[in-house]
Structure formats: structure tokens, C-alpha cells
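So the structure is just underneath, and the comments pick up after that.
The values are calculated or read from the model by the stated rules, or taken from the named source; none is laboratory data. Since this is a predicted model, take the numbers as computed values, not measurements. Backbone-built Cβ (ideal geometry, glycine too); neighbour counts: all protein chains shown. These area figures cover heavy atoms from the full protein model, side chains too; ligands, DNA and RNA do not enter into them. Shrake-Rupley method; radii C 1.70, N 1.55, O 1.52, S 1.80 Å.
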Amino acid sequence: MHICATKQDLRRVLAELRTTGTIGLVPTMGYLHDGHMSLVRAAQAENDHVVASIFVNPTQFGSAEDLEKYPRDMDRDLAMLRDAGVAAVFTPTPDIMYHPDAQTIVETTDLANKLMGALRPGHFRGVATVVTKLFNLFQPDRAYFGEKDYQQVAVIRTMVRDLDIPVDIRPIPTVREADGLAMSSRNARLSPDARAAAPILWQSFDMARDLVATGATSDEIKSAIWTMIDREPLARVETVDIQDAITLDPITGPIDRDIVILLAVTFDPVLLIDQCVIPAQKDLT
Ligand code: PAF
């Protein structure tokens, strides 16, 4: 496996790989888990070569503390990618990634600033900018992202459409622990008690599915989820959003189309997000 610390190295390795087939990119911030490895497996099924990046992108963090505390284990990550058969990994530092006088940003103006974007100002601008840079550097045929970060996938799809970036975006279903908790690098920062309580997010989706089946309105579902999670003393609900699964516009009243429920819940100090798509009930459409 090639480990490329500089853009020059990366470009040289990719030029070589490209002569023998297609390239699938798995962008990551490291501290890999089976969710990331499911992206690698999906990329392997569809491409001749799979390449990855490990870069904890400072521009998408709201506070220096959150950035500093983000878990890291480069040696373990590289071993996992090597064992999985990944061809090359890009491991830049922030100084390599960003020019000291960098002035250019990429922002999906509407999508970036609603929902999770309103909770974390600047986050999706940081994501869109770094992912554009990764697409320019790797020029992959396909790029793989977890569906858990539902709004991130929507932002990246929109940016690729608007900027005519020639890459196929492939969202991959969320991988969960046995108790339903979505795999995330942030789970490593949960206290044992918070880890035990965190599957409440998944349990609230089960309740929401039942409520949709009985014809509950969006407001009723939202308030039931909020109440259920709020009863857990270690959890602080940040947002419960029920949106159109395609446009991410808010839904009011009865559920007459496919919806996505987007949750952001803090188990102090760790912010967890999760999502669940629920199809419309047939007799309402
Ligand atoms: O989902 C992530 O890990 C990050 O947001 C990404 C896409 C690698 C950009 O830094």
C-alpha cells in the first residue's frame, strides 16, 4: 500500500494506478471502524483500485477543543486499510492540505446552513471545501460516503452537481453495533454510562416507525422522539428534524412521502448524529 504524505506523491501514485483501471475513493478522518470498512468493501466491489484519505479536517470543526479531542490512531488505521487491500492512502497534515494564504471556500448556500448546518455554523462549508480539494487531487471515478451523515451526502451531491465535478457519489447504509448504535469514531469518546444509554437514538426510530404506521403527524412524531430521549438523564437533545427524504425540506402534517428523521443528541461532551429513512404509508400517498 502506498502511503502518500504529499500531494506530489499522491498524484504520482494515482497516475500509475489510473493506467490499469478505475479508482474508488473513501475519504475519512481516520479512527476507522467497520462503518468505514463497509465503504472500502463497497468501493472494492465497483472499482479496480480503492484509495483512501485520512485527514482530520480542521475547517469543519466548530471549536479547537472538539478538533483536539477527535480520536486518532494512524498506525492502526493504516494496518486496517493495508489488510483490506487498499492501494494508496493520502495522509496530509493541515499545512500540506491548505495553502497558508488559502482564500477559496465551497458552500452549498441553502443546504449548508439549515438543520445540522444551523447547529454547527461553518461545518458543511469546511466539508464541501475539503471534499472538493480531495476530488481535485484524486480525480476518482466514484467516491463513497456513509448515509449516517445524511445531510453531508446531500451537500456533496449538490456541490458535485453544481460544480460539474465528474465523480459518482455512492452513499452506503449505516453500519450499527448489535444494540443499534450507529458506528462512529466519536463513540470512542463516550463514557461507559453514555455508551450504554446511546442506543436510545435507535430505539426512538423504532417508535417513530410505529407512529408513522398509525398515521401520526410529523409534529406528533417529533414530540414523541424528543420526550423519549429527554427522559434519558445523560442525553441532551439538540435537534429532531423530520424532513422530505429527497429535498430535505421540512414536513408538516401527515406523512405523505418518504421522510428522513435527523437526530443530533449530546452525551456530554460528545455530539452524536443519526438518521433513519421511513417510507410513506401507501394509503396516504
Ligand atoms: O465524513 C467524514 O469523515 C468527513 O466529513 C469527510 C467527508 C472525510 C471530510 O472531511
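Tabulated values for the structure
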{"quantity": "Residues that are surrounded by 19 or more Cβ atoms within 10 Å (Cβ to Cβ) and not in a loop (DSSP other than H, G, I, E, B), drawn from segment 172-185", "calculated": "I172, A182, S185"}
{"quantity": "Test: residue in segment 48-57 that is away from the ligand (no atom under 12 Å from the Cβ), over 25 Å from R170 (Cβ atoms) and open to solvent by 60 Å² or more (accessible area, probe 1.4 Å)", "calculated": "no"}
{"quantity": "Given (1) farther than 21 Å from A15 by Cβ; (2) touching a residue at least 40 places away in the same chain (Cβ under 8 Å); (3) open to solvent by less than 30 Å² (accessible area, probe 1.4 Å), number of the condition A88 does not satisfy", "calculated": "(1)"}
{"quantity": "Pairs where the first residue, in segment 133-158, is more than 11 Å from the ligand (Cβ to nearest atom) and open to solvent by 10 Å² or more (accessible area, probe 1.4 Å) and the second is among the charged types (D, E, K, R) and not in a helix (DSSP H, G or I), C-beta under 6 Å, 6+ apart", "calculated": "R142/D168; R142/R170"}
{"quantity": "Qualifying residue in segment 173-182 (condition: of a type outside the set (G, A, S), under 15 Å from M29 (Cβ atoms) and either within 16 Å of the ligand (Cβ to nearest atom) or modelled with pLDDT of 95 or more (or both))", "calculated": "no"}
{"quantity": "Of residues in segment 58-67 being within 16 Å of the ligand (Cβ to nearest atom) and of a type outside the set (G, A, S), the one surrounded by the most Cβ atoms within 10 Å (Cβ to Cβ)", "calculated": "Q60"}
{"quantity": "Checking V237 against (1) aliphatic (A, V, I, L, M); (2) buried (at least 17 other Cβ atoms within 10 Å of the Cβ); (3) in a helix (DSSP H, G or I), the condition it does not meet", "calculated": "(3)"}
